1. Would you tally the residues in the stretch 22-37 being touching a helix residue (DSSP H, G or I) at 6+ places or on another chain (Cβ under 7 Å) and not in a loop (DSSP other than H, G, I, E, B)?
2. In the stretch 3-12, is there at least one residue being within 29 Å of residue 128 (Cβ to Cβ), touching a helix residue (DSSP H, G or I) at 6+ places or on another chain (Cβ under 9 Å) and crowded, with 19+ Cβ neighbours inside 10 Å?
3. Sort out which residues of the stretch 56-72 are part of a loop (DSSP other than H, G, I, E, B) and either at pLDDT below 95 or surrounded by fewer than 21 Cβ atoms within 10 Å (Cβ to Cβ) (or both), and write them in order of number.
4. On the basis of being assigned to a loop (DSSP other than H, G, I, E, B) and within 16 Å of residue 75 (Cβ to Cβ), does residue 40 make the cut?
5. Can you name the number of the only condition in (1) in contact with a helix residue (DSSP H, G or I) (Cβ under 8 Å, 6 or more places away or on another chain); (2) in contact (Cβ under 8 Å) with a residue 60 or more places away in the chain that residue 58 fails?
6. Can you confirm whether residue 127 is exposed (fewer than 12 other Cβ atoms within 10 Å of the Cβ) and at pLDDT below 95?
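The values are calculated or read from the model by the stated rules, or taken from the named source; none is laboratory data. The shown structure was predicted, so the numbers you read here are calculated from the model rather than taken from an experiment. All Cβ positions, glycine included, derive from the backbone under ideal geometry; neighbour counts span all protein chains shown.
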């Protein structure tokens, strides 16, 4: 059964964007904006979601914002009993709903395609995160993806 909350969509989007602009990765920013839904501290959430940034470990696979939405889906529509297939179905359906909404707005859910980074460079060159400078924010649409993902989750919680 899904959690039901009444939350301010704009406030959640702002929180997520502010976390991202403070240097947290895309997945961390989305998830930390829903710390109350997750029932965890932002510190624990930052630790658990750090590997999902940059399309999972900066491998540029599924966008970290989409992974962040999936992470939050685990709290909204939990699936804890492996024998309860209905719970798992509800969880998977919510993850797919979030991903479909993101894809509809942004054209894809894969980091490298969203950022126009195909073909990919060798992995050894991609592990170092980019420094967050004014130039970074000019050339990377990631802040908009963070805002989009946070809004999708917040709007769902208000339905």
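1. Residues of the stretch 22-37 touching a helix residue (DSSP H, G or I) at 6+ places or on another chain (Cβ under 7 Å): 24-35, 37.
From the residues that got through so far, the ones that are not in a loop (DSSP other than H, G, I, E, B) too are 26-32, 35, 37.
Adding up the residues that qualify gives 9.
2. Taking the stretch 3-12 first, the residues within 29 Å of residue 128 (Cβ to Cβ) are none.
There is no residue in the stretch 3-12 that is within 29 Å of residue 128 (Cβ to Cβ), touching a helix residue (DSSP H, G or I) at 6+ places or on another chain (Cβ under 9 Å) and crowded, with 19+ Cβ neighbours inside 10 Å.
3. Matches in the stretch 56-72: 56, 57, 58, 59, 60, 61.
4. Judged against the criteria, residue 40 is a match.
5. (1)
6. On the way: exposed (fewer than 12 other Cβ atoms within 10 Å of the Cβ): yes; at pLDDT below 95: yes.
So residue 127 fits the description; yes.
Quick grid of which residues meet (1) at negative phi; (2) free of Cβ contacts under 8 Å to residues at least 60 places away in the same chain; (3) touching a helix residue (DSSP H, G or I) at 6+ places or on another chain (Cβ under 9 Å); (4) surrounded by 15 or more Cβ atoms within 10 Å (Cβ to Cβ):
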site: 79; (1), (2), (3), (4): yes, yes, yes, yes
site: 84; (1), (2), (3), (4): yes, yes, no, no
site: 94; (1), (2), (3), (4): yes, no, yes, yes
site: 133; (1), (2), (3), (4): yes, yes, no, no
site: 145; (1), (2), (3), (4): yes, no, yes, yes
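Rundown of residues vs (1) surrounded by 14 or more Cβ atoms within 10 Å (Cβ to Cβ); (2) more than 17 Å from residue 109 (Cα to Cα); (3) modelled with pLDDT under 95, yes/no style:
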position: 18; (1), (2), (3): yes, yes, no
position: 24; (1), (2), (3): yes, yes, no
position: 30; (1), (2), (3): yes, no, no
position: 36; (1), (2), (3): no, yes, no
position: 40; (1), (2), (3): yes, yes, no
position: 43; (1), (2), (3): no, yes, no
position: 46; (1), (2), (3): yes, yes, no
position: 49; (1), (2), (3): yes, yes, no
position: 52; (1), (2), (3): yes, no, no
